[in-house]
1. From the list LEU195, LEU165, LEU184, which one is under 30 Å from THR31 (Cβ atoms) and in contact (Cβ under 8 Å) with a residue 60 or more places away in the chain?
2. Only one residue in SER169, SER130 is within 13 Å of ligand 1 (Cβ to nearest atom), of a type in the set (Ser, Thr, Tyr) and within 18 Å of ARG334 (Cα to Cα). Which one?
3. Name every residue in region 91-128 that is within 18 Å of the chain's Cα centre (by Cα) and closer than 17 Å to ARG61 by Cβ, in order of residue number.
4. Scan SER273, SER260 and give me the residue that is farther than 30 Å from LEU100 by Cβ and of a type outside the set (Lys, Arg).
5. Any residue at all in region 82-94 that is assigned to a loop (DSSP other than H, G, I, E, B) and within 11 Å of SER13 (Cα to Cα)?
6. So, in region 339-356, of the ones that are in contact with a Gly (Cβ under 7 Å, 6 or more places away or on another chain) and of a type in the set (A, V, I, L, M), which residue ends up farthest from GLY105 (Cα to Cα)?
7. Which of (1) at pLDDT below 95; (2) surrounded by 13 or more Cβ atoms within 10 Å (Cβ to Cβ); (3) over 21 Å from VAL291 (Cα atoms) does ARG238 not meet, given it meets every other one?
8. Just give me the residues in region 200-259 being more than 15 Å from LEU184 (Cβ to Cβ) and hydrophobic (A, V, I, L, M, F, W, C), in sequence order.
Amino acid sequence: MVQKLLVLGIESSCDETGAALVEFEASAAVTQIPSLLSHALFSQIEMHQAFGGVVPELASRDHIRRVLPLISQVLQTAGRTLAELDVIAYTRGPGLAGALLVGAGVACALGAALGKPVLGVHHLEGHLLSPFLSADPPQFPFVALLVSGGHTQLMRVDGVGRYQLLGESIDDAAGEAFDKSAKLMGLDYPGGPLLARMAEQGNPKAYALPRPLLHSGNLDFSFAGLKTAVLVQAQKMRTAAGVAQFQDLDPLQQRDLAASTQAAIVDVLLKKSMTALKETGLKRLVVAGGVGANRHLRSQLDEACAKRQVRVHYPELHLCTDNGAMIALAAAMRLQSGMQQPTMHYAFDVKPRWPLAAL
Ligand code: KG4
Ligand code: ZN
């Protein structure tokens, strides 16, 4: 009989506290994707909105308040107990140091108290593997477009832990470009999804914005200049209309600038992804991270991939942004593939900066 192992995953790298239970068959011969039994999330977005961005100290304190109730919740939902856990996984990095320490501390304290091993997970590996929990899971190998709030990377993925960086942002991430542009349009933090909603009714060709590094000949990205171009365009529009605030402009103009900004970001992500597929010769693309929820990005990628007979996979919408399910899943997949063993050493450390390619 194949032994089944139960993993608790804890995510606390930024402004979302997540917990989840994943079960997997502990045999290298079995390639069955681990199953998600339950997951729970608490988003701190409302708390940080008042400050226009994440306040690290407040984030850490709130993780402390939320993490144990969330763990109880996922155990109760799945009808399991603490004693049934086989491994306790937590996000080890990258992220905010104080926030990471909460998840790591709780995971290691639980592990020590229960006599269960622990495993520190790379947050981006969690995002990268999250499409395996979708109704249409990918198969290795594939090109991954990782687009989160802090990272924009193209990777060649040949298996669990076999990641080759093809290109990445040399400054702002795509999510940051969305958020910073949204901020100067007067939208609340995090502005990405709000800008995307505004863009839906705008004309993406209304304003000519730069597509940085589009023809750079490599797979790197740069979004810092785009944000400046959006700022300059917004200033021009305000001056022409004689208004002090972006929100005082004609709503049509506001929507057009949102749509033009989104189009510029998506255009670059699309073209570079297609180049990565061409250069690697792979016929599968996996999109992960918060910006992967963007509808315009999804429709553009779907269209371009269909033309090239490329299969494209996304995480379920609710698993695009940070969550505990992806952390439990990444731990389970690492254990299942024999890439890593959990440890009974509870002297944890976190890695606020941790390149995925270093795994
Ligand atoms: O992966 P994630 O939850 O956090 C990090 O690990 O960074 O990504 C958050 C980012 C934010 O920048 C947020 O604005 C962006 O994802 N985002 C979106 C959308 N939903 C989330 N950006 C554009 N369109 C969306 N629909
Ligand atoms: Zn993330």
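1. So the residue among LEU195, LEU165, LEU184 that is under 30 Å from THR31 (Cβ atoms) and in contact (Cβ under 8 Å) with a residue 60 or more places away in the chain is LEU165.
2. Numbers: SER169 fails: within 18 Å of ARG334 (Cα to Cα).
Just a single option satisfies the conditions, and that option is SER130.
3. Once the filter is applied, which keeps residues that are within 18 Å of the chain's Cα centre (by Cα) and closer than 17 Å to ARG61 by Cβ, region 91-128 yields GLY95, LEU96, ALA97, ALA99, LEU100, GLY103.
4. Going through SER273, SER260 in turn, the sole match is SER260.
5. Within region 82-94, one or more residues are assigned to a loop (DSSP other than H, G, I, E, B) and within 11 Å of SER13 (Cα to Cα).
6. MET339
7. Among (1) at pLDDT below 95; (2) surrounded by 13 or more Cβ atoms within 10 Å (Cβ to Cβ); (3) over 21 Å from VAL291 (Cα atoms), ARG238 violates only (1).
8. ALA206, ALA208, LEU213, LEU214, LEU219, PHE221, ALA240, ALA241, LEU252, ALA259
The values are calculated or read from the model by the stated rules, or taken from the named source; none is laboratory data. All values reported here derive from a predicted model rather than from experimental measurement. Ideal geometry is used to build each Cβ from the backbone, glycine not excepted, and the neighbour counts take in all protein chains shown.
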